[in-house]
Every structure is written in structure tokens, then in C-alpha cells.
Amino acid sequence: MAGDFNARRITINYDGGSFEMALGNIKGLFTESLVTDATKGKDVTVSVKSHSRQRVVGGASTNVAANSYTYKQFPSSSNALAAGGEEVYVWWDGSEGKWVSRVSGPLWKFAEYLSSAAEINCFFRAAGGKTYGPFKKS
């Protein structure tokens, strides 16, 4: 007997934190576009300062020139970072009530993420009772 696929809880990582929610709720809040957007990598540029490198202790050292390179960083996590985070209640226009989500990182980063990714007006209430929102991608 297979369980409901949309009831599975998944974690979405964003700059500064992550949140965990049931897949069906994520589809309702962000629509299908999130699945595409969340799997895209982002370009990360790394700058290396010039330095000397010694391959063998006591051996000759060589100079490494300053350089930079760019690579594509894909979303990854060795564990669900939001699992131990703060519990918040999230709802949006057309939702059937308030849904529990766990958020790691500062709540202002979560609010910033919602305002850049949510397809419809959404709100959240922190454990302390303060309500934030509405947030919607413009």
C-alpha cells in the first residue's frame, strides 16, 4: 500500500536557511514553477589569493598565482536543516487552514524568500504569535 505522495515532507533550502513542509502544500503555495526553480543551480564565483604551496615538508615551495573560477552550486543538504528549526504556521489565499512548517535560520530570511518565490499571497505566524505577511512574488 503506497502512501500519499503529496503528504511527504520535503525541505527547501534558500540563502540563509531552509524550511520543511508537505509537498502538496508547497505545490499549493508556490505552484509547479517551484519544482523547476528549486532544482536550478546558481553560479558561485571563488577567488583564490596568491600564495605559496609546499608539496613536501622541507621541500621546495612554489608560488600559486591569484585566480578565480566559477562553478554551479546545486541545492543540497546532508540532512533536513529545518527539522530542528522553529515551528511556524503558513497559510495562503485559497489554503484550507494554517499548515505547520519548520524553519531554520532567521525569520526575516524566510520572509525574504517568500516574497521572492510565492506565486500567491501568503502569510506565516511565528511560535510567539506574531503574524508576518502578505508576501507575494512581484
| How do the pairs read when you match residues in segment 1-18 that are assigned to a loop (DSSP other than H, G, I, E, B) with residues anywhere that are at pLDDT 80 or above and acidic (Asp, Glu), using Cβ under 8 Å and keeping only pairs 6 or more apart or on different chains? | GLY16/GLU112
| task | Considering every residue within segment 43-66, establish whether at least one is touching a helix residue (DSSP H, G or I) at 6+ places or on another chain (Cβ under 9 Å), modelled with pLDDT under 90 and surrounded by 10 or more Cβ atoms within 10 Å (Cβ to Cβ). | result | no
| Which of the strands (runs of 3 or more DSSP E) contained wholly in segment 85-136 include at least 2 residues that are in contact with a Pro (Cβ under 7 Å, 6 or more places away or on another chain) and surrounded by 14 or more Cβ atoms within 10 Å (Cβ to Cβ)? | 122-125
| task | Could you please give the count of residues in segment 102-138 that are among the aliphatic types (A, V, I, L, M) and over 17 Å from MET21 (Cβ atoms)? | result | 0
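The values are calculated or read from the model by the stated rules, or taken from the named source; none is laboratory data. Computed from a predicted model, the values in this text were never measured in an experiment. Ideal geometry is used to build each Cβ from the backbone, glycine not excepted, and the neighbour counts take in all protein chains shown.
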